[in-house]
Structures are given as structure tokens and as C-alpha cells.
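J.: One structure is given below, represented as C-alpha cells, and several questions about it will come after.
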Amino acid sequence: MKKEKIVGILGGMGPEATVDLMQRIIRLTPALDDMDHIRCIVDNNPKVPSRIKAIIEGDGEDPGPCMADMGRRLESWGADFLVIACNTAHYYYDAVQNAVKIPVINLIDLVSNHVKVNFPEHDKVGILASPAVAMTGLYTKRFKKLGVEDIWPDPDYQESLFNIIKEVKKGNINSNVQNDYTKVCENLLNKGAKIAIIACTELSVLGGGLPINTIDAAQVLAIEIVQVAKNQKEPEPVY
């Protein structure tokens with residue numbers, strides 16, 4: 001029997017989102033005992049330089065070198081493949097992949113391909129993400145190649161969504177935050193999107209019950225991790 005692979009998780013961006021991903025991995029793993037679960041080596045590192053300061057404000061330290069160092073350490077500790085538990089941080093994907101000899105799953109490619117394969121009837125897809133994901137064009141570029149239009153909330157709603165993400169980072173997920181989140185989703189519906197990607201791991205923490213059908217990037221990633229670790233598939237190729 002083929003030996004299970006060990007996943008290395010670049011986490012801490014933010015910490016709660018990383019724990020949420022690990023819980024998803026545990027729930028998705030068919031297990032009768034501890035031994036059936038997947039070995040995860042996790043660097044839950046909230047000290048990674050701010051992606052917001054680097055991308056949105058433009059005056060922050062480059063997170064790339066820190067993430068590359070995390071990748072190298074995870075590889076040296078025995079990880080067979082890596083994942084980055086943050087959509088925005090995929091702006092620095094190349095810095096991590098170039099620093100290691102093991103595969104790094106690209107969440108943006110993974111989710112975009114998942115949408116194209118499983119929801120081919122949708123040529124418009126809403127994106128629920130931080131402004132940094134919009135500014136870097138991470139999903140926009142990928143979807144353009146696939147012939148899919150990405151729909152973003154109107155500016156006021158995008159600002160509201162950014163505030164929701166900040167509240168989750170503070171540990172605040174009260175009913176006001178949930179209500180604001182629902183309104184953002186309604187705005188996407190009004191703009192013609194019938195499905196939306198939850199493309200921020202902080203938003204994944206808030207769960208479902210939304211007025212729009214959603215594809216949670218964190219869930220797609222967790223499924224991929226389990227399948228790769230259990231040797232049910234190889235990591236998606238990078239485009």
C-alpha cells in the first residue's frame with residue numbers, strides 16, 4: 001500500500017481561518033481511529049507581513065520571503081506537498097513554489113477549475129473576497145482564460161465586505177456581521193451572479209445560510225488535501 005503523503009500548511013493568515021481549514025480536513029477524512037487521519041505539519045504564523053499593507057496600502061513589507069522561508073521549513077520537516085491557507089497570499093505563490101522542491105497546490109487554479117468543471121452553465125461567477133484579491137486580479141486572470149466573467153460587489157458593498165473580514169480577524173462573528181454579509185451576497189445576486197466563490201478563508205469561518213449559492217474555496221482545498229494525502233490523486237498541475 002502506498003504511503004500516505006504529509007501536507008504542510010502555510011497558515012496564520014489568519015489563525016482562525018487556518019484552524020477552520022484543519023477542522024474541514026478532519027471532517028472530510030474517512031476515519032475509524034486517530035491513525036486514519038492525515039498528518040498535517042502546520043506553521044500557523046500570524047507574523048507573516050500584512051498582505052493588506054503590501055498590496056492595498058503599498059507601503060508594507062513583502063510577505064514573499066517570509067512565506068518562502070515557511071515553505072522551506074515545512075519541506076525540511078517532512079511535508080510532501082504544501083498548501084497556502086489564504087486566497088490573497090497566493091499573490092506570492094511563486095515565491096513559495098520557487099523555494100521548495102515539492103508541489104505547492106495553487107488554490108486559485110484549483111477553485112477556478114472546480115467551477116468550470118462542475119458549474120459549466122455559469123458564465124458569471126460572484127467573488128466574495130478582500131479588495132487585495134480584486135487588485136491583484138488573481139481570480140480575474142484565471143477566469144478570463146476559462147471564459148468566465150467574475151462579478152464583484154459594488155464599491156460600498158465591497159468596503160462592507162472588507163470590514164466583515166476585519167471583524168472575523170478580531171474574533172467577532174455576531175449577528176450584525178452576518179447580516180452585513182447577507183446584504184453583500186444579495187448585491188451579487190442583483191448584479192446577475194447566481195453562484196459565488198467564498199474566496200477569503202475568514203469568510204469561510206462565517207459558514208453558510210446565504211441568499212446566493214456558494215462554492216467555498218476552503219472546502220475545495222480541504223477536499224483536495226485529503227485526496228492528495230490519501231494518494232487518490234496527484235496535486236493539480238500549475239498553469
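J.: How much of the accessible area of the chain, in percent, comes from carbon and sulfur atoms when a 1.4 Å probe is used?
T.: The computed percentage sits at 50.
J.: Also: Given a 1.4 angstrom probe, what's the average accessible area per residue across segment 148-239, in square angstrom?
T.: Accessible area per residue: 45 Å².
J.: Report the semi-axes of the equivalent ellipsoid for the chain in whole Å, largest first, where each axis is √(5λ) for an eigenvalue λ of the Cα gyration tensor. Each step should come with its number before you reach the end.
T.: Details: eigenvalues 151, 81, 64 Å².
Semi-axes from the Cα gyration tensor: 27, 20, 18 Å.
J.: Sum -39500 (n - 2.57) across every DSSP H segment of at least 4 residues in the chain, then divide by the residue count to get the 222 nm mean residue ellipticity, nearest 500.
T.: Counting only the DSSP helices, I get -13500 deg cm²/dmol.
J.: Looking only at segment 124-239, where both bridge partners belong to it, what percent of the DSSP beta bridges are antiparallel (to the nearest 5)?
T.: Percentage antiparallel, nearest 5: 0.
J.: Please report the orientation-averaged projected area of segment 155-239, defined via the convex hull of its C-alpha atoms, in nm².
T.: 7.2 nm²
J.: Run the reach check for residue 170 against lysines, Cα to Cα strictly under 23 Å, same-chain hits fewer than 8 apart removed. What comes back?
T.: Residue 170 reaches 47, 53, 183.
J.: Quick one: what Rg and Dmax do you get for segment 52-99 from the alpha carbons, in Å?
T.: Rg then Dmax for segment 52-99, in Å: 11.4, 36.
J.: With the radius of gyration and the Kirkwood radius both derived from the Cα set of segment 1-136, what is their ratio Rg to Rh?
T.: So for segment 1-136, dividing Rg by the Kirkwood Rh gives 0.99.
J.: While we're here: Students often check this: by mean Cβ neighbours within 10 Å, which of 186-194, 76-84 ranks highest, and how do the rest follow? Provide the component values of the computation, followed by the final result.
T.: Numbers: 186-194: 17.1, 76-84: 19.6.
For the peptides 186-194, 76-84, the packing ranking is 76-84, 186-194.
J.: Excluding residue 204 itself, calculate the net charge of residues whose Cβ lies under 9 Å from the Cβ of residue 204, where each Lys or Arg counts +1 and each Asp or Glu counts -1.
T.: So the surrounding residues net to -2.
J.: Follow-up question, since we're still on this one. Among 31-39, 19-27, how do they line up by average Cβ neighbours within 10 Å per residue, starting with the highest?
T.: 19-27, 31-39
J.: Given a Förster distance of 41 Å, report the FRET efficiency between residue 52 and residue 29 from their Cβ-Cβ distance, rounded to the nearest 0.05.
T.: Plugging the Cβ-Cβ distance into 1/(1 + (r/R0)^6) gives 0.80.
The values are calculated or read from the model by the stated rules, or taken from the named source; none is laboratory data. All values derive from a computational prediction rather than experimental measurement. All Cβ positions, even for glycine, are placed from backbone atoms using ideal geometry, and neighbour counts span all protein chains on display. The accessibility values were calculated without ligands, DNA or RNA, using every heavy atom of the protein model including side chains. Shrake-Rupley method; radii C 1.70, N 1.55, O 1.52, S 1.80 Å.
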